[in-house]
Amino acid sequence: MSAVVSRERLLQLARLVCIHLTEEELDQLETQVNDIIDFVGQLREAPLQDIEESTHVGPAGGRMRDDECRPSLLEAEVLANAYREPVSGCFALPRVLGELVEPQGEVS
Amino acid sequence: LSRVYDRTIEECRTLLDSGQVTAVELAEALLNRIDEVEPTYKAFLTVEERGKVLEVAAECDRAIEKGESRLLTGIPFGIKDSICTNGLRTTAASKMLATYVPPYDATVIERLRAHGAIIIGKTNTDEFCMGTTTEFSAFYPTRNPWDTARVPGGSSGGSAAAIVAGECIGSLGEDTGGSIRLPSAFCGTVGLKPTYGRVPRYGVIAMASSCDQVGPISRSVRDCAITYNVISGPDPMDSTSIQDDDKVDLDRLEAGAEGMRVACVPDLAERGCSAPVRDVYMQTIDCFRDMGVEVHEVEFENIDYVVPTYYIVVPSEVSANLARYDGFRFGSEQSPDQGELWESWMRERGANLGPEVKRRILLGSFVLSHGYYDAYYRTAQKCRSLLKRDFSRIFQDADALLFPTSSDVAFEFGTKLDDPVKLYLEDIFTASANLTALPALTFPAAMTDLGLPVGLQLIGDTKAEETILRLARSFEVHTGISLQAFLAERPLPPTPQERPEQ
């Protein structure tokens, strides 16, 4: 069985989900992900004619509640776990405007 | 009182309310026990500070004195580390959340505290609950107290091991594909995965939102029912929570099982299980018949599609749910504070997420991607309907399905680590209940000659928690088989730190 997920595709996926992978991890994942894809491919043989897909399996389905103000967490509590010192009550991140940096080719 | 840490919730309730033991004494006994055995078992990731535990215990004593004792007043609980506890570190066994201290309680924790329970610590799990052995915990694996060379099962392995080892009286686990039931089977505890929507998910760190469900891991069937009654019920913070608030009636659990109808699958057990599990399964069928249960054989037509369906649905949901871990909003181990935003994210997630988590995120984003969505995700969602149909047919003539929980007893560390597909197949008997939202309970059915417990599973129809608890309770009464009986007959091998029993 040929690999469904090539190394190139894997690298592209890793960039999309923002995960840096080492060469060693890539080697391992290339085999494992394809083994798993091969395994789950069994579903093609399932007798699915006339079967509708499930959206909700739970008995409650989705439910809305009234749109009412209620007490919530304090700003300081929410920000307490932030890595950087919060700025004006916001999470602080490295700058994103100015220079566009998009990873190219090899994952760095 | 000797070994007070080895008692059930019900026994502790009686001891506390009659004044034979105070809540402070009980909490101290457990904290001492933790000091003694934790270096060997490693069931906890965080133990609450002694002073804080004893302070809450003293409050419990005052409540008991005033006659204001509630169901769980003074009962120490171990909580799976994927459930948020206000002010107590919650890591989900990931480096990504290594320093995360939640500013709020999950609804289930609010409910436990409102009923007087004491949160004694946070128990180990596979990272973000992805795994069946605790070997994927980013910190350390938990050892099975019956044989420390073996896994306790997972992902809620810490909770099950802590119960067996006498490190807590009650515990909560969380089950997405078997994570309450597998460790319960491997350790000899009773574990319940309730109907999806019965127990609120608010404050539970999400793995796969359409399958996750919190439930008790307990020393006895009645303890399991008591804990379930406390944590279940509608919650405005969870849009999938079931609106009716049916509780399990503990008196009705004693009504016996005569006339109840149970479906079984001997062919499947024959095909898919090791000799010890198969033998116990067949013996238990005979035992159910002795109890007056009408047992009949059924075919579970599409069981081979359970694991493939599960490993499409779950990674898909994982890839979305874990996108929030960027290293900036929640405490993590590595420093994300270098370079540009994108680089920081890549580096942070690369360094702080473990191998199984990465595997599932990548797999999920692949099966959801353009050109593959129909072939994988849509097909898997159809298979969920197919499995639901199989169960509906079974429940036309049966109150419950008696199923193995695992194909084998607890295995040795490292046995299945290198082959994900082999490890995933551990979920074959458990994941069907998650994919179809059904309640499922594991109960200890036997102890092998090797001294390892075998657990079996009862899957019930939607919202039929009481039915499966009643069947398991009847079995417990009829046979006398329980964790308490196992421990009485064959005490755990002593740990190096343990002082010999006086």
Please work out the C-alpha center-to-center distance from segment B:68-83 to segment B:378-448 and express it in whole Å.
29 Å
Judged on accessible area alone, 1.4 Å probe, highest first, B:Trp146, B:Trp342 line up as B:Trp342, B:Trp146
Would you mind putting B:38-46, B:239-247, A:83-91, B:159-167 in packing order, based on average other-beta-carbon counts within 10 Å, highest first?
B:159-167, B:38-46, B:239-247, A:83-91
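Report, as a whole number in µm² per second, the diffusion coefficient that Stokes-Einstein gives for chain B at 20 °C and 1.002 mPa s using the Kirkwood radius over alpha carbon pairs.
D = 95 µm²/s.
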Quick shape check on segment B:150-270: root eigenvalues a ≥ b ≥ c of the Cα gyration tensor, a/c under 1.5 is rounded, otherwise prolate if a/b tops b/c, else oblate, and it reads rounded
Average beta carbon contacts from partner chains per residue of A:59-66, 10 Å cutoff
6
Can you give me the accessible area per residue for segment A:33-95, using a 1.4 Å probe, in Å²?
71 Å²
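Give the shape of the protein assembly as shown as rounded, prolate or oblate, defined through the alpha-carbon gyration tensor: a ≥ b ≥ c are the square roots of its eigenvalues, a/c under 1.5 means rounded, and otherwise the shape is prolate if a/b is larger than b/c and oblate if not.
It is oblate, given that a/c is not under 1.5 and a/b is not larger than b/c.
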For the pairing of chain B with chain A, what total accessible surface becomes buried, with a 1.4 angstrom probe, in square angstrom to the nearest 100?
5900 Å²
Looking at the square roots a ≥ b ≥ c of the eigenvalues of the Cα gyration tensor of segment B:38-148, which shape do they give, rounded for a/c under 1.5, prolate if a/b is larger than b/c, or oblate?
prolate
Counting only other chains, what is the mean number of Cβ atoms within 10 angstrom of the Cβ of each residue in peptide B:415-423?
2
Enter the Cα centre distance for the pair segment B:314-375 and segment B:164-232, rounded to the nearest angstrom.
27 Å
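If you average the sequence gap of Cα pairs under 8 Å that are 6 or more apart and divide by the length of segment B:1-111, what percent do you get for the contact order? Display every interim value, and only then the final one.
Values: 105 pairs, mean separation 24.3, N = 111.
That works out to 22 percent.
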Which helices, taking whole DSSP H runs in chain B, have alpha carbons extending 27 angstrom or more along the helix axis plus mean Kyte-Doolittle at least 0.0?
none
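The values are calculated or read from the model by the stated rules, or taken from the named source; none is laboratory data. Note that the structure is predicted; figures quoted are calculated from it, not measured. Note: ideal-geometry Cβ built from the backbone for every residue, glycine included; neighbour counts use all protein chains shown. Surface areas here come from the heavy atoms of the whole protein model, side chains and all, with no ligands, DNA or RNA. Shrake-Rupley method; radii C 1.70, N 1.55, O 1.52, S 1.80 Å.
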